[in-house]
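Enquirer: Supplied in structure tokens, the structure appears directly below.
Coordinate-derived values only; no laboratory data. Since the structure is predicted, the reported quantities are computational estimates derived from the model, not experimental observations. All Cβ positions, glycine included, derive from the backbone under ideal geometry; neighbour counts span all protein chains shown.
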Amino acid sequence: MAEIIAIDGPSGAGKSTVAKLVADRLGFVYLNSGYMYRALALAAQQSGAESNDCVTWGQLAVSLQIEFSPDGKHLLLSGEDVTEQLRVPEISGIASQASACPEVRAEMVRRQRALSEKYPGVVMEGRDIGSHVFPQARYKVYLDAQAKARAQRRHSELSALGIDKGLNELAAEMRQRDQADMTRELAPLKRTADAYYLDSTDMNIEQVVSSIEAYVKRGGSK
Ligand code: DC
């Protein structure tokens, strides 16, 4: 059984940046479960099936050919590296919608569990990794930040990709998506009592990464 470090939290809390660094420092493999939902959204968009029902979404999820690069930082959809295309706001919205479907979640969770078996140690980020996918994980982190800071971070990330979206519009979209992810019926995003809680609003990346590293080195005691 792989050693799992689960990192959950709302969008823009810094999960990806932090999870990659934690994985590098501890010699674990980094896996972004959100990329899997995003790959489904992209495949749906490419096949014109964005607004379909859960059964169709589920069938598409089962037929998806997705693979991570060996370092986990890139996702290949049918053999093509689509990592950059996964980050655009439109895909975020479709991914969030599709992720509420039971058929989709069942398939993604099955894939995430199977994938983890390939490695001795995995840092997996997402929304339900500690609460649902790996409830037995020894290390669980809930990474949070105030909404304004999260929107600003996402805004800078998108600007770096050449996507210029107004801060207010982006903040509203993120609020809506977080609300949907936290209130959906199946495996919603929630802070569990056994997770190590970090509010990164006033912390820099190094401070967040070292806190998580120290938590792991303490053997998971908060
Ligand atoms: O982490 P992210 O923003 O890339 O995730 C995109 C969407 O996928 C998110 O809005 C909800 C869904 N998701 C999920 O339901 N469960 C996960 N473990 C990861 C992502």
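Enquirer: For every helix of n ≥ 4 consecutive DSSP H residues, a contribution of -39,500 (n - 2.57) applies; sum these over the chain, divide by its total residues, and give [θ] at 222 nm rounded to the nearest 500 deg cm²/dmol.
Expert: Result for the chain, helices only: -15500 deg cm²/dmol.
Enquirer: Enumerate by residue number the chymotrypsin sites (Phe, Trp or Tyr not before Pro) in segment 168-222 meeting two conditions: DSSP loop (anything except H, G, I, E, B), and at most 11 other Cβ atoms within 10 Å of the site's Cβ.
Expert: Numbers: sites: Tyr196, Tyr197, Tyr215; in loops: none.
Here no chymotrypsin sites (Phe, Trp or Tyr not before Pro) fit, given the DSSP loop and packing criteria.
Enquirer: Same structure again: If segment 109-201 were replaced by its equivalent ellipsoid, with semi-axes equal to the square roots of 5 times the Cα gyration tensor eigenvalues, what would those be, largest first, whole Å?
Expert: Over the Cα atoms of segment 109-201, the semi-axes work out to 27, 16, 14 Å.
Enquirer: Output the peptides 146-156, 99-109 sorted from most to least packed, where packing is the average of other Cβ atoms within 10 Å over each peptide's residues. Spell out each step's value before the answer.
Expert: Numbers: 146-156: 17.4, 99-109: 20.2.
Highest to lowest by the protection proxy: 99-109, 146-156.
Enquirer: Which three extents, in angstrom, do the Cα atoms of segment 60-154 have along their principal axes, listed largest first?
Expert: 37, 33, 29
Enquirer: Something else now. Which whole number in µm²/s is D for the chain by Stokes-Einstein, with the Kirkwood Rh taken over Cα pairs at 25 °C and 0.890 mPa s?
Expert: My calculation gives 140 µm²/s for D.
Enquirer: Right, something else. For segment 20-73, evaluate the Debye formula with one uniform point scatterer on each Cα (no solvent term) and list log10 I(q)/I(0) at q = 0.24, 0.26, 0.31 Å⁻¹, rounded to two decimals.
Expert: Each listed q maps to, in turn, -0.88, -0.97, -1.23.
Enquirer: Right, next: Which translational diffusion coefficient, to the nearest whole µm²/s, is obtained for segment 1-119 from the Stokes-Einstein equation, given a Kirkwood hydrodynamic radius over C-alpha pairs, 10 °C and 1.306 mPa s?
Expert: 108 µm²/s
Enquirer: Taking θ = phi - 60°, what integer Hz values does the Karplus form 6.51 cos²θ - 1.76 cosθ + 1.60 yield along segment 131-142, in sequence order, with x for Gly and Pro?
Expert: Values, residue by residue: 7, 9, 5, 10, x, 8, 4, 6, 10, 9, 10, 10 Hz.
Enquirer: Dimensions of segment 152-222 along principal axes (Cα, Å, largest first)?
Expert: Here the Cα extents, ordered largest to smallest, are 42, 34, 18 Å.
Enquirer: Taking 0.36 nm per intervening residue step and subtracting the Cα-Cα distance, what contour gain separates Leu161 from Glu206 on full extension? Don't skip to the answer; put the middle values down first.
Expert: Working: separation 45, 0.36 × 45 = 16.20 nm, distance 2.29 nm.
That works out to 13.9 nm of additional length.
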